[in-house]
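Before any comments, here is the structure.
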Amino acid sequence: MDISPEEYGAYWQSSLRIAAGVLVIGFGDWFGSFFFEQSALGAVGLGLVIYVGLIVVGCFLITLGGARAVRTAVGAEKRR
């Protein structure tokens, strides 16, 4: 597959979005665990909100990166 410099840049951007999504999910797991270790119900509830919010944001970033990579690959194949 022969890609243009713009498509090459799009692949890098998509891989960075996927990596950022994985990092956000990892951070959410790490940060939320501090709240889950507490015995107070409010702290556990806050930890759950933070955990779910960061997991959703991370999955969204991974999905955006994957969609951009697929869109770039399909565009490069159609052009050929």
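So, in the stretch 65-80, of the ones that are surrounded by fewer than 17 Cβ atoms within 10 Å (Cβ to Cβ) and hydrophobic (A, V, I, L, M, F, W, C), which residue ends up nearest to the chain's Cα centre (by Cα)? Top of the filtered list is ALA67.
Residues that are under 16 Å from ALA10 (Cβ atoms) and in a helix (DSSP H, G or I) occur at least once in the stretch 42-61.
Every number here is computed from the coordinates shown, using simple stated rules; none is lab data. Here the structure is a predicted model, which means the values were calculated and not measured. Heads up, the Cβs are rebuilt from the backbone with ideal geometry, glycines too, and the neighbour counts pull from every protein chain shown.
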